[in-house]
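Structure first, then comments.
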Protein chains: 4
Amino acid sequence: MTVKIGLIGAGGIAQSHINALKKVEQAKIVTVFDLNTEGAQKTAAALGARVTESADALLNPEEIDAVFICVPQFARGDLEEIAAKRGIHVFVEKPLGLELESVGRKEQAIREGGILTSVGYVLRYYDTVQQAKQYLQDKTVHLIQAFRIGGSHPAPWWKQQHMSNGNLGDAVTHQVDMIRYLVGEYKEVTAQFGRNTIKTQNPEATIPDAGAVTFSMESGAVGTITESCISTYHSGSEIKIIGPNFFLQLTGNGKTLTIIDDQQNITITSKQDPVYEQDKAFVEAVAAGSGEAILCGYADGMRTLAFTLAAYKAAEERDTVTI
Amino acid sequence: MTVKIGLIGAGGIAQSHINALKKVEQAKIVTVFDLNTEGAQKTAAALGARVTESADALLNPEEIDAVFICVPQFARGDLEEIAAKRGIHVFVEKPLGLELESVGRKEQAIREGGILTSVGYVLRYYDTVQQAKQYLQDKTVHLIQAFRIGGSHPAPWWKQQHMSNGNLGDAVTHQVDMIRYLVGEYKEVTAQFGRNTIKTQNPEATIPDAGAVTFSMESGAVGTITESCISTYHSGSEIKIIGPNFFLQLTGNGKTLTIIDDQQNITITSKQDPVYEQDKAFVEAVAAGSGEAILCGYADGMRTLAFTLAAYKAAEERDTVTI
Amino acid sequence: MTVKIGLIGAGGIAQSHINALKKVEQAKIVTVFDLNTEGAQKTAAALGARVTESADALLNPEEIDAVFICVPQFARGDLEEIAAKRGIHVFVEKPLGLELESVGRKEQAIREGGILTSVGYVLRYYDTVQQAKQYLQDKTVHLIQAFRIGGSHPAPWWKQQHMSNGNLGDAVTHQVDMIRYLVGEYKEVTAQFGRNTIKTQNPEATIPDAGAVTFSMESGAVGTITESCISTYHSGSEIKIIGPNFFLQLTGNGKTLTIIDDQQNITITSKQDPVYEQDKAFVEAVAAGSGEAILCGYADGMRTLAFTLAAYKAAEERDTVTI
Amino acid sequence: MTVKIGLIGAGGIAQSHINALKKVEQAKIVTVFDLNTEGAQKTAAALGARVTESADALLNPEEIDAVFICVPQFARGDLEEIAAKRGIHVFVEKPLGLELESVGRKEQAIREGGILTSVGYVLRYYDTVQQAKQYLQDKTVHLIQAFRIGGSHPAPWWKQQHMSNGNLGDAVTHQVDMIRYLVGEYKEVTAQFGRNTIKTQNPEATIPDAGAVTFSMESGAVGTITESCISTYHSGSEIKIIGPNFFLQLTGNGKTLTIIDDQQNITITSKQDPVYEQDKAFVEAVAAGSGEAILCGYADGMRTLAFTLAAYKAAEERDTVTI
């Protein structure tokens, strides 16, 4: 069975899905929409696809089985709800939104519509991350230390807190998500954010330039997430997960895994393309009518969003916030 | 001038001072006291020193110019006050105590006594740490990420929170102090501590096994400190200090410094013995009657203690605590 | 079946075998001989074993099934031949000797005696080295780069070329052997040795302080071995094995293996004790009457010696020597 | 004074000189020649320079003060001699040629012409390499270990031994040169070269795919150079220089320097552009009429070539060759 796909958004992240979907045998992109009409036409032409006149028109269940929603979090309107009501399966990029109310409403519509969903927490699809999850299944974790430090997304909207939710909300959300995926649910969070440099370097920006987050997990483990989006001479990411008798570390956004315990000392760098693995899993799920191979559905992705929002709230209210 | 020194405490940390003081020309240990009489006698004999019958008797200004207080934080009574009143200069190990009331009283007595003091925040004496301080003088920091992860002090008292103040209070206090020393004063703190493993591994222990601390600085920078005292397969320490145009990192408890900016990319591992540098600075200060070369005096060390206490309070009260 | 073992030599390397054999269920050391009678007695007492009056007396087939020859290469006389003639199985330390004539004669006696032999090329027993061998089975290698750089064995005899065959002959022999084990037989060798520093630092020494060896393999691959025994600030060992589509590296004397190719990028540090694995394999082989699990027999070890001797000859004669 | 420059060759290496010379205040490229007329015109147009009809015509002392000869070693004819005779100062890329006869003749012409020359052993101009040279001035070296492993130059001529002199002659010549520059002159060399993979991978190629070189220095030090030009999963370069009391290492073609001794343990990565430093030194030397700041003149570069040729000869004749 061929899965007919509509693509909403034709920017950078959409292109990475196009490249991945080309290698997925069952996938065929048939329609494209982007507010940038020129971009949509160029993309569609290269794919032998058709441009629709609106996002709403693209969500036509007679034409497509599934939609890839690749516009930023501030620009999605009620697309997920419409798709759910029309029985179109939804792949949507992370993060799921900017507040929980609309995202919760969408989640309900999705449940009611009975559609399959996949959220772009793509790092879950690395074989290294899968191996980490398998390893941690029966381990007691007491400490987690994570960071993601680097530069900014170049788009102006990204530096507006109300459009992107900042670095923690948009980029570090991958680390926030991986911790949940590997160690279980968060319980409480406190946080401090700073604007020491960005306030003079880029006065129009409203996002923080640095974030320091402390959390506890339902299991009793505690940890930190440290992030910056204006670091020129240090960049990278890491999650350390520590128990009394083991050390597990993921670096390079999950690409490289180290496990040390009394039986082994091993470091593996993945050779996989997680975007391909993610998109293939979703397309095959749609073809098979079963979501088992999808590693992050909408309700799951919503819990990751909830943590980010709680961290910002904790900082604003100078309080400990329960997720 | 020879500086006559009395030594209170003859355990592990005292031995490291003895080794260092042997190389300091002006230093001469003349008296020793330890509740463990045998240990005191053995130590004194090796030094050609005399054992006193009490700590109070050791604090004899006719016999000594300075005292090295090398007993743990729970066992110091009012030794610093007595020394201050008798005009004996004081070197005292970190941390300065377990609460601020008695430490504040001691600090006042020291000021009134006009004595010189040096607190064992020994890592400040690394040339690498000095170079870091020099470098950071005119830099704008927005993010700090620190960790110290490893094993426990073997002594049973160390695992009792009311005797040691835990890993954050006793060992990680070095990192807490270095951040202040390099970047300026802390402003606010929140924290979470866990006992996921220690509660079953060592039921009599009352300390946490993991700590996650978030802070802001008076300058506006934010940061995290992550710590564990029961990690078998990962140990080490690191302080990253990040600005928009530089990266500075101290690892190995300050021994190794990396600085990267547009002018340089350099890593230096110190060849110095910071205990020697610290003890020499104190002894020479006593001989010269001037404390300029001492890098951490009592009032300074007290501010480091204040941060640790605030972190524990923040965790207990689930609140943001101002230092 | 219990394998009764006689131990010739009670020095450092013998102690490491004693520690390993304690964990081998079927092994029992029953007799010990060392020219240093006191050392022999102390060792025997700790083992509940008996001291013999000579090495010859120890080689008593009514008392022992196997002998561990743990005296240096200059001190073995014709022990292996005697053991072979008396039907006693032989474990002997590397290197097998200082020239090929006597070693060849011993090898013939061993073949005629039909005994099992194991030579102490212990690094072959690392699981990492086994994995490297497995990986390389069907690979085309074009380049090998090996080094072993560090300090000297403390014994005075070791610095006499005619007693130890120098660093290349005694320590770096492990690397020489691993290359053969992993990539096949050597074909030709050239070499240069220096005495730039040792000649003034230790005028009585006759060994080189540095060696630079170039070789070709029967397969057509070429490579280098670089070694020093007087390096204070750099030490370690490495073997890089390179083909057009893979990179394989062993560091830490074989303990850590890295393999990179289009399918994988993995680094494994062994948790095994190769001395234990080696001694267990030999003892079990003796018990079972089958040498299959022994990874280096006498004839095999002799080929490793042949390479070292050829390298020294090449340097002396300023020639390319065929192995 | 403005130094008027003619540029022979407009390929990749010429472009890197153009970029560097743009930043050198006194430099002005006035004429360009390349057999590829189109390339020459495009390059000249971008520079506001003129294309000459031949290399000979470019060597016009009324138009230029200096020439940059940026054509490969097989394509230089007698350009250096002509320039020398006409009093035009010469910058010429490494390596200087393919055999010593013509290069020696050119060297004589240069001496007789009294012109300034600079050879493109550009790595000498790194501040890190300068610091290494300074450090080694009074040190006794006993061992040198160098490698350069990676891929091939893409040009077909490069894989023809008679046109490029292979990887050792063309790329690894930088490492061969740095060793001379830092530790002094070579004395003897032996070598083995292999073609295990290239003979099937690229049957038309006549260069080796791997080289293993052993050498001694006039000082008595010995060492190895190991190289490959068909390694996909390992690439890099390193020179280790070892004495009894120090370790010095250059990696990244000289960009990163490590020095460890009893006083220091330091790693520095250069921020300099050595092409710029090299070209600036030459242009300023021409302007000033004094070659002091030039780090590699023609006669010096010829000695580096001599080593490469000796290595190939040693391999071919299976002999030890004196440089």
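Taking into account only those residues within the stretch B:255-268 that are facing chain D (nearest Cβ under 9 Å) and surrounded by 18 or more Cβ atoms within 10 Å (Cβ to Cβ), which is nearest to B:Leu21 (Cα to Cα)?
Applying the filter and picking the extreme gives B:Thr256.
Only one of (1) surrounded by 24 or more Cβ atoms within 10 Å (Cβ to Cβ); (2) in the same structural domain as A:Asn253 (by TED's automatic domain parsing) is not met by A:Thr117, so which one is it?
Of everything listed in (1) surrounded by 24 or more Cβ atoms within 10 Å (Cβ to Cβ); (2) in the same structural domain as A:Asn253 (by TED's automatic domain parsing), A:Thr117 misses just condition (2).
Taking into account only those residues within the stretch C:143-168 that are within 14 Å of chain D (Cβ to nearest Cβ) and among the hydrophobic types (A, V, I, L, M, F, W, C), which is farthest from the chain's Cα centre (by Cα)?
It comes out as C:Leu143.
Scanning for something surrounded by fewer than 19 Cβ atoms within 10 Å (Cβ to Cβ), over 19 Å from the mean Cα position of the chain (by Cα), within 12 Å of another protein chain (Cβ to nearest Cβ) and at positive phi, does the stretch D:310-319 turn up at least one residue?
First, pick out the residues of the stretch D:310-319 that are surrounded by fewer than 19 Cβ atoms within 10 Å (Cβ to Cβ): D:313, D:316-319.
Remaining after also requiring over 19 Å from the mean Cα position of the chain (by Cα): D:313, D:316-319.
Filter once more, keeping what is within 12 Å of another protein chain (Cβ to nearest Cβ): D:316-319.
Applying the additional criterion that residues be at positive phi yields D:318.
The answer is yes, given that some residue of the stretch D:310-319 is surrounded by fewer than 19 Cβ atoms within 10 Å (Cβ to Cβ), over 19 Å from the mean Cα position of the chain (by Cα), within 12 Å of another protein chain (Cβ to nearest Cβ) and at positive phi.
Test C:Ser231 against the stated conditions and say whether it is closer than 15 Å to D:Gly223 by Cβ, in a loop (DSSP other than H, G, I, E, B) and among the hydroxyl-bearing types (Ser, Thr, Tyr).
yes
Those residues that are within 20 Å of A:Met302 (Cβ to Cβ) and among the polar types (S, T, N, Q), I need them from the stretch A:110-145; list them, please.
A:Thr117, A:Ser118
Applying the selection to the stretch B:169-188, what residues are assigned to a helix (DSSP H, G or I) and within 14 Å of chain A (Cβ to nearest Cβ)?
Residues satisfying the conditions are B:Gln175, B:Ile179, B:Val183.
Exactly one condition in (1) more than 14 Å from chain D (Cβ to nearest Cβ); (2) in contact (Cβ under 8 Å) with a residue 24 or more places away in the chain; (3) surrounded by fewer than 23 Cβ atoms within 10 Å (Cβ to Cβ) is not met by C:Tyr135; state its number.
With respect to (1) more than 14 Å from chain D (Cβ to nearest Cβ); (2) in contact (Cβ under 8 Å) with a residue 24 or more places away in the chain; (3) surrounded by fewer than 23 Cβ atoms within 10 Å (Cβ to Cβ), C:Tyr135 is out only on (1).
Considering the stretch A:3-29 alone, what residues qualify as being without any contact (Cβ under 8 Å) to a residue 40 or more places away in the chain, surrounded by fewer than 21 Cβ atoms within 10 Å (Cβ to Cβ) and over 21 Å from the mean Cα position of the chain (by Cα)?
Scanning the stretch A:3-29 gives A:Lys22, A:Glu25, A:Lys28.
For the stretch D:140-168, name all the residues that are of a type in the set (Lys, Arg), in contact (Cβ under 8 Å) with a residue 60 or more places away in the chain and part of a helix (DSSP H, G or I).
Listed by number, the list is empty, since nothing qualifies.
Residues being among the β-branched types (Val, Ile, Thr) and surrounded by fewer than 19 Cβ atoms within 10 Å (Cβ to Cβ): count how many of those fall in the stretch C:238-254.
Number satisfying all stated conditions: 1.
Out of contact with any Phe, Trp or Tyr (no Cβ under 6 Å at 6 or more places or on another chain), crowded, with 24+ Cβ neighbours inside 10 Å and among the charged types (D, E, K, R): which single residue out of A:Arg105, A:Arg148, A:Arg111 fits that description? Please lay out each step first, then the result.
On the way: A:Arg105 fails: crowded, with 24+ Cβ neighbours inside 10 Å; A:Arg111 fails: crowded, with 24+ Cβ neighbours inside 10 Å.
Being out of contact with any Phe, Trp or Tyr (no Cβ under 6 Å at 6 or more places or on another chain), crowded, with 24+ Cβ neighbours inside 10 Å and among the charged types (D, E, K, R) holds for just one of A:Arg105, A:Arg148, A:Arg111, which is A:Arg148.
Just name the residue that is surrounded by the fewest Cβ atoms within 10 Å (Cβ to Cβ) out of those in the stretch C:189-228 that are within 7 Å of chain D (Cβ to nearest Cβ), free of Cβ contacts under 8 Å to residues at least 60 places away in the same chain and of a type outside the set (D, E, K, R).
C:Gln201
Out of all the residues in the stretch A:271-292, is one or more more than 14 Å from chain C (Cβ to nearest Cβ), assigned to a strand (DSSP E or B) and farther than 30 Å from A:Lys159 by Cβ?
Within the stretch A:271-292, not a single residue is more than 14 Å from chain C (Cβ to nearest Cβ), assigned to a strand (DSSP E or B) and farther than 30 Å from A:Lys159 by Cβ.
Restricting attention to the stretch C:272-290, does a residue exist that is surrounded by fewer than 22 Cβ atoms within 10 Å (Cβ to Cβ), free of Cβ contacts under 8 Å to residues at least 12 places away in the same chain and assigned by TED's automatic domain parsing to the domain that holds C:Pro154?
Within the stretch C:272-290, none of the residues are surrounded by fewer than 22 Cβ atoms within 10 Å (Cβ to Cβ), free of Cβ contacts under 8 Å to residues at least 12 places away in the same chain and assigned by TED's automatic domain parsing to the domain that holds C:Pro154.
Just checking, how many residues over the stretch D:1-26 are under 18 Å from D:Gly87 (Cα atoms) and modelled with pLDDT of 95 or more?
Here the count works out to 7.
Considering only the stretch A:229-248, state which residues are under 21 Å from A:Gly169 (Cβ atoms) and more than 8 Å from chain B (Cβ to nearest Cβ).
Scanning the stretch A:229-248 gives A:Cys229, A:Ser235, A:Gly236, A:Ser237, A:Glu238, A:Ile239.
The values are calculated or read from the model by the stated rules, or taken from the named source; none is laboratory data. On a predicted model such as this, the values are computed, not experimentally measured, just so you know. Every residue, glycine among them, receives a Cβ derived from its backbone with ideal geometry; neighbour counts consider all protein chains shown.
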